[in-house]
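J.: Sharing a structure below in structure tokens format, with a few things to ask.
The values are calculated or read from the model by the stated rules, or taken from the named source; none is laboratory data. Just so we're clear, the structure is a prediction, and the values are computed from it rather than from any experiment. Neighbour counts are summed over all protein chains in view; Cβ atoms, including those assigned to glycine, are modelled from backbone coordinates with ideal geometry. Side chains included, ligands, DNA and RNA excluded: accessible areas come from the protein's heavy atoms. Shrake-Rupley method; radii C 1.70, N 1.55, O 1.52, S 1.80 Å.
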Amino acid sequence: QVQLVESGGGSVQAGGSLRLSCVASGYIFSRSCMGWFRQAPGKEREGVALINPNGNTAYADSVKGRFTMSRDHVKNMVYLQMNSLKPEDTGMYYCAARPDGYCFTTTPRATDFGYWGQGTQVTVSS
């Protein structure tokens, strides 16, 4: 079965950094498009970043230049390095997988991803 488990969330002051991790299992990781999404209470889910099997990435305009997504094909993991964090980055962050697929969109589209992790909370204080 497909399983995605996020970690690395926490509380940080504005301007600080966090690194989120997601370990994947149950599918051929090397053929997947992987995404990061976030959701604040009362707001809709927002695509943050994606990475394709070939390592090509795309980011939401709101995080471009501050966040970096990467993947490790040996460990079956993806990461989200978040720098210069802002209070508006606060939310629950979810790892998502599109097995055996390629993402052509410039930002992650939730309907493209069939599997989701449980989420990890990120809180940025001012």
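J.: Can you work out which of the residues in region 51-76 that are of a type in the set (A, V, I, L, M, F, W, C) and more than 19 Å from SER17 (Cα to Cα) is nearest to the chain's Cα centre (by Cα)?
T.: The qualifying residue nearest to the chain's Cα centre (by Cα) is ILE51.
J.: While we're on this one: When you look at GLY42, is it open to solvent by 60 Å² or more (accessible area, probe 1.4 Å) and farther than 14 Å from GLN121 by Cα, yes or no?
T.: yes
J.: Can you run down the residue pairs with Cβ atoms below 6 Å, 6 or more apart or on separate chains, where the first is in region 38-56 and at pLDDT 95 or above and part of a strand (DSSP E or B) and the partner is open to solvent by 30 Å² or more (accessible area, probe 1.4 Å) and not basic (Lys, Arg)?
T.: ARG38/GLU46; GLN39/MET92; GLY47/THR107; ALA49/TYR59; ILE51/THR57
J.: Quick one: which residue in MET34, MET69 is surrounded by 15 or more Cβ atoms within 10 Å (Cβ to Cβ) and touching a residue at least 60 places away in the same chain (Cβ under 8 Å)?
T.: Just one listed residue meets the conditions, MET34.
J.: When region 72-109 is examined, which residues are found to be of a type in the set (A, V, I, L, M) and surrounded by 13 or more Cβ atoms within 10 Å (Cβ to Cβ)?
T.: Answer for region 72-109, where residues must be of a type in the set (A, V, I, L, M) and surrounded by 13 or more Cβ atoms within 10 Å (Cβ to Cβ): MET77, VAL78, LEU80, MET82, LEU85, MET92, ALA96, ALA97.
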